[in-house]
Amino acid sequence: MQTRRIGSLTVSVIGLGCNNFGGRLDEAGTARVVHAALDAGINFFDTADVYGGTKSEEFLGRALGSRRDEALIATKFGAKIDEARKGASPAYIRQAAEDSLRRLGTDRIDLYQLHTPDPGVPIADTLGALNELVQAGKVREIGCSNFSVEQLREAEKAAQGGARFVSVQNHYSLLHREPENGVLAECERQGIAFLPYFPLANGLLTGKYRKGQPLPEGTRLTSDGRFADWLSEANLDRVEALIQFAEARRHTILELAFSWLLTRPTVASVIAGATKPEQVQANVAAADWRLSREDLAEIDRLLSQSERL
């Protein structure tokens, strides 16, 4: 397994997203997936206090157990758990960190991330509280999520010699390339690692959604109304073009989705969820494909062509 850097952390280029834990996966299923990930060389586990109604952190901590030191745990705070637990005020950050440490059963969080910007709290106040956690040894590195270029620059100015964001986790995939409009360049300028979420476009880039074929039932894309527009004709056209590209080179579209993201030097780890060990193994294998410059140009041509269909 290759590794890259997030601040002082050396992480596997494939990470495990833990949003299924406590929801689609019970504690036993979580343990199977976590152990499969560790055995496959994955050391980066990304969760959040809000995942699984706070159960994700609990299940992850218990699954790691005596193997805690093999893992780097990234968790998040700030998304609304309930009316009392949300936001990025210093007082809440202190409480949220203690709650996450307790649920994870650990004495430190390797990467502590602000889940979403809080417009009601100055970023300098948020960074000050996070710096306290770093100085206390409870947090090793800090990051953010869903930040724009302007917000990254504001945070850079506000750090003032204290702890600074070393990562940003935003939506990025072959089908959603918005970070290319400035955020990736800002990451390179500041030396910030980029962590793409939804790298498989909620399953669209796995090959199970095909044009002209019945849609699989019980998946997030077909059961969650928030993602209904992802199954557009245009997206399905793009998927077909990408499948043909990958299969012509004896690869899968899933392998293409991972390997394409890893051609971006600012991307530190591609985080994807899994509900069974076999998915973990497929994700790890996907990192082995090295795309050439010609491959990347052809992918861009295919995507721009399908956008015009």
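The values are calculated or read from the model by the stated rules, or taken from the named source; none is laboratory data. Here the structure is a predicted model, which is why all the values come from computation and not from measurement. Heads up, the Cβs are rebuilt from the backbone with ideal geometry, glycines too, and the neighbour counts pull from every protein chain shown.
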(message) Take I81 and tell me if it is free of Cβ contacts under 8 Å to residues at least 60 places away in the same chain, closer than 18 Å to C18 by Cα, of a type outside the set (D, E) and surrounded by fewer than 23 Cβ atoms within 10 Å (Cβ to Cβ).
(response) yes
(request) Would you point out the residue of segment 30-49, among those that are within 11 Å of C18 (Cβ to Cβ) and aliphatic (A, V, I, L, M), that is surrounded by the fewest Cβ atoms within 10 Å (Cβ to Cβ)? (result) A48
(request) Take segment 50-78 and flag every residue that is surrounded by fewer than 24 Cβ atoms within 10 Å (Cβ to Cβ), touching a helix residue (DSSP H, G or I) at 6+ places or on another chain (Cβ under 6 Å) and acidic (D, E). (result) E58, E70
(message) Quick test of your reading of the structure: K157 fulfils all but one of (1) free of Cβ contacts under 8 Å to residues at least 60 places away in the same chain; (2) farther than 30 Å from L205 by Cβ; (3) in contact with a Gly (Cβ under 9 Å, 6 or more places away or on another chain). Name the failing condition by number.
(response) (3)
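So which of Q113, Q151, Q169 is touching a Cys at 6+ places or on another chain (Cβ under 9 Å), within 21 Å of A48 (Cβ to Cβ) and without any contact (Cβ under 8 Å) to a residue 40 or more places away in the chain?
On the way: Q113 fails: without any contact (Cβ under 8 Å) to a residue 40 or more places away in the chain; Q169 fails: without any contact (Cβ under 8 Å) to a residue 40 or more places away in the chain.
Among Q113, Q151, Q169, only Q151 is touching a Cys at 6+ places or on another chain (Cβ under 9 Å), within 21 Å of A48 (Cβ to Cβ) and without any contact (Cβ under 8 Å) to a residue 40 or more places away in the chain.
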(request) Identify the residue in segment 150-198 that is under 18 Å from the mean Cα position of the chain (by Cα), closer than 13 Å to P117 by Cβ and aliphatic (A, V, I, L, M) and, among all such residues, is surrounded by the fewest Cβ atoms within 10 Å (Cβ to Cβ). (result) L152
(request) Give I93, I142, I73 a once-over and let me know the one that is part of a helix (DSSP H, G or I) and touching a residue at least 24 places away in the same chain (Cβ under 8 Å). (result) I93
(request) Please verify whether segment 234-256 includes one or more residues that are closer than 28 Å to C18 by Cβ and modelled with pLDDT under 80. (result) no
(message) Restricting to segment 237-278, name every residue that is out of contact with any helix residue (DSSP H, G or I) (no Cβ under 7 Å at 6 or more places or on another chain), buried (at least 18 other Cβ atoms within 10 Å of the Cβ) and among the polar types (S, T, N, Q).
(response) S269
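Residue-wise test of (1) assigned to a helix (DSSP H, G or I); (2) among the aromatic types (F, W, Y); (3) more than 18 Å from R94 (Cβ to Cβ).
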position: P117; (1), (2), (3): no, no, yes
position: A124; (1), (2), (3): yes, no, no
position: G137; (1), (2), (3): no, no, no
position: F147; (1), (2), (3): no, yes, yes
position: Q151; (1), (2), (3): yes, no, yes
(request) Any chance you could count how many residues in segment 163-179 are assigned to a strand (DSSP E or B) and under 21 Å from G207 (Cβ atoms)? (result) 3
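Residues checked against (1) in contact with a Ser or Thr (Cβ under 7 Å, 6 or more places away or on another chain); (2) under 21 Å from S167 (Cβ atoms); (3) part of a helix (DSSP H, G or I); (4) of a type in the set (K, R):
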residue: M1; (1), (2), (3), (4): yes, yes, no, no
residue: V11; (1), (2), (3), (4): yes, yes, no, no
residue: L16; (1), (2), (3), (4): no, yes, no, no
residue: G23; (1), (2), (3), (4): no, no, no, no
residue: A37; (1), (2), (3), (4): no, yes, yes, no
residue: G41; (1), (2), (3), (4): yes, yes, no, no
residue: F45; (1), (2), (3), (4): no, yes, no, no
residue: R62; (1), (2), (3), (4): no, no, yes, yes
residue: S66; (1), (2), (3), (4): no, no, yes, no
